[in-house]
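Asks: Below is one structure. I have some questions about it.
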Amino acid sequence: MDCIFCKIIKNEMPSYKIYEDDIVLVMMDIDPTTDGHLLIIPKKHYVNLSDIDLDTLNHIYKIAKDMYILLKEKLNIDGLTLTQNNDYGQEVKHYHLHLVPRYKNDGIHFSKRIETSSIEEIYNKING
């Protein structure tokens, strides 16, 4: 398997590790959105949300909570955004959770509205 995250987990490639246990590795993102941008990566290879087990997901979010506290203490962050891509937009096909520290006036806006179908139309597709 030619997975960059698996190579990092096996210490075949360098990384800036912040935390590690038997289930996950937390490291600095090499192309950070903001200062302190972290990735939480399960040590077992899962491609995306559709094949990862709930116990591992729960552990990832427990560690995310711990990292949030650490980032608040060490970097004085104002907030934290969690993102996780599946298939389209997923650059590395190994499940990982992004922890993006937020700072006042960081210029990141998730409320930008684009033209989409109506909410009712999408609701009917999902529930119909």
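The values are calculated or read from the model by the stated rules, or taken from the named source; none is laboratory data. Quantities reported herein were computed from a predicted structural model and do not represent experimental measurements. Virtual Cβ from ideal backbone geometry, glycine too; neighbours counted across all protein chains shown.
Asks: Looking at I23, is it of a type outside the set (F, W, Y), surrounded by 14 or more Cβ atoms within 10 Å (Cβ to Cβ) and out of contact with any Leu (no Cβ under 9 Å at 6 or more places or on another chain)?
Replies: Details: of a type outside the set (F, W, Y): yes; surrounded by 14 or more Cβ atoms within 10 Å (Cβ to Cβ): yes; out of contact with any Leu (no Cβ under 9 Å at 6 or more places or on another chain): yes.
Yes: the conditions hold for I23.
Asks: Quickly run through segment 1-18 and pick out the residues that are surrounded by 12 or more Cβ atoms within 10 Å (Cβ to Cβ), in contact (Cβ under 8 Å) with a residue 40 or more places away in the chain and either small (G, A, S) or assigned to a loop (DSSP other than H, G, I, E, B) (or both). Break it down stepwise before answering.
Replies: First, the residues of segment 1-18 that are surrounded by 12 or more Cβ atoms within 10 Å (Cβ to Cβ): 3-9, 15, 17-18.
So of that shortlist, the ones also in contact (Cβ under 8 Å) with a residue 40 or more places away in the chain come out as 3-6, 18.
Once the filter is applied, which keeps residues that are surrounded by 12 or more Cβ atoms within 10 Å (Cβ to Cβ), in contact (Cβ under 8 Å) with a residue 40 or more places away in the chain and either small (G, A, S) or assigned to a loop (DSSP other than H, G, I, E, B) (or both), segment 1-18 yields only C3.
Asks: Another question about this same structure. Would you check which residues across segment 19-34 are over 15 Å from the mean Cα position of the chain (by Cα) and assigned to a loop (DSSP other than H, G, I, E, B) and list them? Break it down into steps so the answer makes sense when it comes.
Replies: From segment 19-34, those over 15 Å from the mean Cα position of the chain (by Cα) are 20-23; that's our starting set.
Result: D21, D22, I23.
Asks: Also: Being under 30 Å from G107 (Cβ atoms) and modelled with pLDDT under 95 is the requirement here; does D31 meet it? Give the derivation first.
Replies: Numbers: under 30 Å from G107 (Cβ atoms): yes; modelled with pLDDT under 95: yes.
For D31, the condition - under 30 Å from G107 (Cβ atoms) and modelled with pLDDT under 95 - is met.
Asks: When residues of segment 81-121 are filtered for being of a type in the set (D, E) and part of a strand (DSSP E or B), how many remain? Don't jump to the end; show me each part of the working.
Replies: Step one: list which residues in segment 81-121 are of a type in the set (D, E), which gives 87, 91, 106, 115, 120-121.
Checking the rest, the ones that are also part of a strand (DSSP E or B) come to none.
Total meeting the criteria: 0.
Asks: Sort out which residues of segment 35-60 are exposed (fewer than 13 other Cβ atoms within 10 Å of the Cβ) and in a helix (DSSP H, G or I), and write them in order of number.
Replies: Passing the criteria: L54, D55, N58.
Asks: Please verify whether L57 is within 13 Å of the chain's Cα centre (by Cα) and either in contact (Cβ under 8 Å) with a residue 24 or more places away in the chain or within 24 Å of G107 (Cβ to Cβ) (or both), treating the condition exactly as stated. Steps first, answer last, please.
Replies: On the way: within 13 Å of the chain's Cα centre (by Cα): yes; either in contact (Cβ under 8 Å) with a residue 24 or more places away in the chain or within 24 Å of G107 (Cβ to Cβ) (or both): no.
The answer is no for L57.
Asks: Follow-up question, since we're still on this one. Could you tell me how many of the residues in segment 80-92 are acidic (D, E) and surrounded by 13 or more Cβ atoms within 10 Å (Cβ to Cβ)? If you could, list the steps in order and put the result at the bottom.
Replies: Applying the first criterion (acidic (D, E)) to segment 80-92 yields 87, 91.
Checking which are surrounded by 13 or more Cβ atoms within 10 Å (Cβ to Cβ) leaves us with none.
Qualifying residue count for the region: 0.
Asks: Which of the residues belonging to segment 93-128 are surrounded by 10 or more Cβ atoms within 10 Å (Cβ to Cβ), at pLDDT below 95 and either under 30 Å from H37 (Cα atoms) or within 26 Å of the chain's Cα centre (by Cα) (or both)?
Replies: D106, I108
Asks: Go through segment 69-80 and report how many residues are among the hydrophobic types (A, V, I, L, M, F, W, C) and outside any helix (DSSP H, G or I). Show your work before the answer.
Replies: Filtering segment 69-80 down to residues among the hydrophobic types (A, V, I, L, M, F, W, C) leaves 69-71, 75, 77, 80.
Next, from what is left, pick out any that are outside any helix (DSSP H, G or I): 77, 80.
Qualifying residue count for the region: 2.
Asks: Something else: Considering only segment 81-109, state which residues are among the acidic types (D, E) and over 16 Å from F5 (Cβ atoms).
Replies: The initial filter retains those residues of segment 81-109 that are among the acidic types (D, E), namely 87, 91, 106.
Correct list: D87, D106.
Asks: Okay, moving on. I77: surrounded by 16 or more Cβ atoms within 10 Å (Cβ to Cβ), touching a Leu at 6+ places or on another chain (Cβ under 7 Å) and over 18 Å from S15 (Cβ atoms), yes or no? Explain how you work it out, then say what you get.
Replies: Details: surrounded by 16 or more Cβ atoms within 10 Å (Cβ to Cβ): yes; touching a Leu at 6+ places or on another chain (Cβ under 7 Å): yes; over 18 Å from S15 (Cβ atoms): yes.
Judged against the criteria, I77 is a match.
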